[in-house]
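**Student:** So that we are looking at the same thing, I have put the structure below in structure tokens.
The values are calculated or read from the model by the stated rules, or taken from the named source; none is laboratory data. All of these numbers come straight from a predicted model, not from anything done at the bench. Heads up, the Cβs are rebuilt from the backbone with ideal geometry, glycines too, and the neighbour counts pull from every protein chain shown. In case anyone asks, the SASA skips ligands and DNA or RNA and just uses the protein heavy atoms, side chains included. Shrake-Rupley method; radii C 1.70, N 1.55, O 1.52, S 1.80 Å.
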Amino acid sequence: MSDSDIVQDFLVESYENLDRLDRELVGLEKSPHDRDALASVFRTIHTIKGTCGFLGFNKLEKVAHVGENLLTRLRDGQLTLNPELTTALLGMVDAVRQMLKEIQSTGQDGEIDYPELRETLTRLAQVGASAAKQAGAEKSPAGVPSPTVGNENAPAEPKDAILSPTRGLGKPAATEAPKAVKLEPASPSRPAAETVPGRSEEPVMAKQEDTLGVQPTPESRPREAVAETIRVGVNVLDKLMTLVGELVLARNQLLQISSTVEDTGLQAVSQRMNLIATELQGEVMKTRMQPIGNIWSQFPRTVRDVALGCGKEVGIEMEGKETELDKTIIEAIKDPLTHLVRNSVDHGIELPDDRAKAGKDRAGRLILRAFHEGGQVNIEITDDGAGLNSERIRKKALERGVINAEQAARMTEHEIFNLIFLPGFSTAEKVTNVSGRGVGMDVVKTNVEKIGGTVDVQSTRGRGTTVRVKIPLTLAIIPALVVTCGGDRFAIPQVSLLELVRLEADEVGKGIELVHGAPVYRLRGRLLPLVYLSKELKLAEDENAATESDGAVNIVVLQADERQFGLVVDQINDTEEIVVKPLRKQLKTVKTFAGSSIMGDGKVALILDVLGLAQRASVIAEMRDRALTEKAVEAAAREEKQTFLLFAGPGDSRMAIPLNTLARLEEFPVAQVEMSGCRWVTQYRGQILPLVRLNLVLEERRNKLRALQAPPAPDSGPIQVLVLNHDGRSFGLVVERILDIVEDRADVRSSATRAAVLYSVVIGERVTEMLDIPAILRSADVSASLPGVATRSAEVAN
């Protein structure tokens, strides 16, 4: 084995040991008397010190040596681990990690030997030595020196021969060639000794921990584990994965050929090949899969450091650490998850005194949870802190010009929360070394979306915040739906696929509608925006080109960024596993494509980026869903048929208004509804919009007073509001639920049976009550006519 191989093995093993040290030291801070954990920490540092001395990394050896001295005091019971000691030891771990990076990049352990850190570690160790010396002096007989470390009369501690910097590989001593060092086991008649080259041949005692540092122990390295595992370079696994990808492509080609040839022998061989390739693919994928706990293991240290810097007490819980992802995914989400964890501790969880005032435990809780669902990995970061302040976010967004006043007024709370992922957005009151600079959350979203994932935030004021990240299991080989458009084939990742819809020729006219010029399909009562792939990719300008020869239309229902839309394609071929190939630099800037793949016939198919395609087609642009239903279809008013908005009234009644009287359809969260005197109001587009409750308008007079005074139930869902304009006044009509928008002649009528209704009319073959909007406004202004209410309204006005 060459010197470089030995150094490389040293680096790999040392990095693993340092990651374990982070976890063990944080755990020891909570259980300082755990002797086994303390012994493990000591052995790890001793191993690093011994090996770096053997390899001639003197600066690294110095840092590890003073850390080992401090750990010796802890192991011997002369000191008890506390936050100060833990911080110092973690600083040593960081220094060693930095020096290992220097060795990895330059072959040397850097220019700095961290004198301030070594001085701190030495001072802390001397405190333990002084305390032990004083205790030993009190217990020792008169005239007998105490055999404790630090006794001036005790012989100097011999330096382990294996740690001599002059004995490193490639760096022999100037006076003689390096000699083998023989360590013999101690016995009653013959103590263990070591011979130090260049010195007297007088044997000196070999300490037990020195022997443990260079020899495997049953606790640290079981023989079975060594026999059953082997280190394999990542580049070897990547090459193996590439070869398996090529095998999958060949398998697909063989299956396609065998399906067109009537040869039972070829078909049997192809099926056998299919089984073997599928099994091999699965096994190779396993070699790249790693538990998410590999990156979660660093988070206890992260939480501890951030909480200490913020003056907070935070405990971390982790569920689903065994959830596995592809190595490339693990590496891609490491930094985003780290930022989310730091942000939760710094922004989310309150100070201990504030938590106590709110009736919470002084120590906050941070919960990490991972699980598989629907072919994806779901990761949740939940804190029990103060939650997001929607009004502060809205105000900050307006100040920074991220949104305008009109957008701010009609945004839902969920949309406001997700503003934190915009570039440069921050609500931090002061800039710290953790957050407040307006960078980070947008990078989190960008990095997650780069690997085909999504990120979303939900929060409850006073109870905490949850950030949900959804990411694919792997990026190498994915199941996909193959479609054809304009004579070319495209692959759609199956993770974004919801369902397939086929409209026969006689259904196209009724199924696809135009709302303000935008095509939509009414899928189970819900308007689904349609995107014609041929038009978006400029394969054809005519949308009719997307119909088959028999006039049928194929719709692929997709989901992107929590929004659904229908992708109209020429043909739907089949689903198959495809090997993802990166795009060449000429296409990397095109958001519509996520990659490419070679199909069974050897031709290349582009993989569609569902999110990028939706953004390009503007189907997930802000307020697009509301724009589909705003305004009336003015041309319909000039025809015999009229367009009506249907909605549910109290009880089982069915009610309507002409669509041309409607300004907008809105949905407001209950938290956005306020009380002004005895009236519901909401802030809308820079003004106060009064809300008229339809069920209250139609109530009997004697029941109105009690209903007027009742605010909306806090646990109820969002309210449906029709924004109407009448005589220059805007108001919102609160209805139970919106049913449909229909066209009808409405020529069968009968007189009204109650106030605020013009007449009853047959619309869509059902009796429907047509509202009298002026009467509704008059009836809504009931405060002056109800005893006891006018006085309170006047008091509020004053």
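**Student:** Per-residue HN-Hα couplings for region 348-361, Karplus 6.51 cos²θ - 1.76 cosθ + 1.60 at θ = phi - 60°, whole Hz, x for Gly and Pro?
**Tutor:** For region 348-361, the Karplus-derived couplings read x, 7, 7, 5, x, 5, 5, 5, 5, 5, 7, x, 9, 5 Hz, x marking Gly and Pro.
**Student:** Label GLN267 and ALA713 with points 7 Å out from Cα along Cα→Cβ: what is the distance between them in nm?
**Tutor:** 6.2
**Student:** Kindly flag which residue pairs out of LYS334/LYS470; LYS239/LYS591; LYS510/LYS535 have an alpha-carbon separation exceeding 25 Å in this structure. Present the calculation step by step, with values, prior to reporting the outcome.
**Tutor:** Values: LYS334/LYS470 14 Å; LYS239/LYS591 28 Å; LYS510/LYS535 22 Å.
The answer is LYS239/LYS591.
**Student:** Grab the Cα-Cα distance for ASP94 and GLU577, subtract it from 0.36 nm times how many residues apart they are, and report the gain in nm with one decimal.
**Tutor:** On the way: separation 483, 0.36 × 483 = 173.88 nm, distance 4.34 nm.
That pair, ASP94 and GLU577, stretches by 169.5 nm at full extension.
**Student:** For region 59-110, what's the relative contact order in percent, using C-alpha pairs closer than 8 Å and at least 6 residues apart? Intermediate values should be presented prior to the final figure.
**Tutor:** Numbers: 23 pairs, mean separation 22.1, N = 52.
Reported as a whole number, the value is 43 percent.
**Student:** How large is the direction-averaged shadow of the alpha-carbon convex hull of region 232-376, in nm²? List each step's numbers first, then the result.
**Tutor:** On the way: hull surface 47.2 nm².
Answer in nm², one decimal: 11.8.
**Student:** Using a probe radius of 1.4 Å on heavy atoms only, what accessible surface per residue do you get for region 327-380? Whole Å² is fine. Write down the numbers at each step before the final one.
**Tutor:** On the way: 2450 Å² over 54 residues.
Accessible surface, normalised per residue, equals 45 Å².
**Student:** Take the solvent-accessible surface of the protein heavy atoms, probe 1.4 Å, and return the percent of it on region 1-81 that carbon and sulfur atoms account for. Walk me through the numbers on the way to the answer.
**Tutor:** Details: 1600 of 3300 Å².
Here carbon and sulfur together make up 49 percent of the probe-accessible area.
**Student:** Given a Förster distance of 60 angstrom, what is the FRET efficiency for ARG524 paired with THR80, based on the Cβ-Cβ distance and rounded to 0.05? Display every interim value, and only then the final one.
**Tutor:** Values: r = 66 Å, r/R0 = 1.10.
The formula returns an efficiency of 0.35 here.
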